[in-house]
Amino acid sequence: MERYLNKGIKQVIIEFPAVGSILDEYNIGCTLCGVGACLLKDIVEVHNLSPEEERELMGRISKVIYPDRVVEIPVTQRKNGGAGAGEVKYSPPMQGLVDEHTVIKRLLAMIPFIIEDMEVSRGEDRALVLGTVDFIRSYADRYHHAKEEDILFKEFDENLDIIKVFNEDHKIGRGHVKAVIEALETGDNRSIKEHLAGYRELLKGHIKREDEVLYPWMDRNLSTSQIGRLFAGFINVDEQFREVRAKQGAFVKTLEKKYKYEEVK
């Protein structure tokens, strides 16, 4: 079992597809992860399962891998003693990032309305797409994602697979936005719709995994001094982007009013 515990989870799932189904039951979305390089033994720590959940999960996985024998698996030693999934209390700087996610989710909720019956040759539709791109680039990317990449992730080893996964999501998102800009220049209506929808689906999963997996895991591994450093760094960025935050918050409210949509809570 030791060699599988030290194997990338994607490789394990390819060899034993049933393992992916088991992880899905515990809301561990390794089957949907684009990288999947995290080791099997790290899955429990990252997702903060309780000791009971861990024993049950790893017992089921060991039966899939070794159906004809009983395998003893060591219990993971965790800093918080294994409080269990779902019991999330964010540190102040991490809570700020979660609050920013709420604003981004409100914009994501507007994308289906924006692209429905959209015709880029119409001035109003083109303006909505340009406004959406401006939000993504200035608020979601230069403001929020930059906080993560330039400050938060620097507190960890950026070669960690879990960090690489989220950085890769950021790159894919930027690719979608670049494709939208190119499609605007050529008037390619279909491509604009496709890439805005693709960005929305990417970010929905990305935000969920950050709120429920990455941020809690980081909080468990940050020292008090690191949290203080993050807090000070984030305040500085917030001040620099004060006008962007106000402008893009107003833009989202305008969209919600236009489409008579209730704000995401």
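Throughout, read-outs are computed from the coordinates displayed, never taken from laboratory work. The structure displayed is predicted, hence computed values, not measured ones. FYI the Cβ positions are ideal-geometry reconstructions off the backbone, even for glycines, and counts take in every protein chain you see.
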Problem - Signed unit charges on C-beta, dipole axis of the chain, positive-most listed residue His144, Tyr4, Leu160 - result: His144
Fill in the blank from the handout: Summing +1 per Lys or Arg and -1 per Asp or Glu among the other residues with Cβ less than 11 Å from Leu108's Cβ gives +3
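Taking K and R as +1 and D and E as -1, what net charge do the other residues with C-beta under 10 Å from the C-beta of Ser138 add up to? Don't jump to the answer; show the numbers that get you there.
On the way: positive: Arg137, Arg142, Arg245, Lys247; negative: Asp134, Asp141, Glu243.
Around Ser138, the charge tally is +1.
Which FRET efficiency value, to the nearest 0.05, is calculated for Glu243 and Ile14 with the Förster distance at 41 angstrom and r the Cβ-Cβ distance?
Values: r = 48 Å, r/R0 = 1.17.
For R0 = 41 Å, the calculated efficiency reads 0.30.
If you add up the charges near Val98, with Lys and Arg at +1 and Asp and Glu at -1, over every other residue whose beta carbon is less than 9 angstrom from its beta carbon, what do you get?
Values: positive: none; negative: Asp99, Glu100, Glu210, Asp211.
So the surrounding residues net to -4.
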Practice task
Using a Gaussian network model of the chain whose springs link C-alpha atoms within less than 10 Å, name the residue from Gly123, Gly175, Gly233 with the highest mean-square fluctuation.
Solution key: Gly123
Fill in the blank from the handout: Note to self: Kirkwood Rh of the stretch 92-258, Cα pairs, one decimal, Å, is 16.7 Å
Handout entry: Positive-pole candidate from Val88, Leu108, Gly173, dipole of the chain, charges at beta carbon
Key = Leu108
Exercise for the section: Give the residues of the stretch 5-29 whose amide nitrogen is closer than 18 Å to a point set 7 Å from the Cα of Glu56 in the direction of its Cβ. Expected result: 19-29
Problem - Lys, Arg +1 and Asp, Glu -1 on Cβ, resulting dipole of the chain about Cα centre, debye, nearest 20 - result: 260 debye
Handout entry: Other-chain or far-sequence residues with amide H under 5 Å of Leu39's (modelled H)
Key = Ile9
Exercise for the section: Any chance you could give the angle, 0 to 90 degrees and rounded to 10, that helix 224-240 forms with the longest Cα principal axis of the chain? Expected result: 10 degrees
Practice task
Multiply the residue gap between Lys260 and Ile172 by 0.36 nm, knock off their C-alpha separation, and tell me the result in nm, one decimal place.
Solution key: 28.6 nm
Handout entry: In nm, spacing of pseudo-spin labels at Arg190 and Arg69 (7 Å Cα→C-beta vector)
Key = 5.5 nm
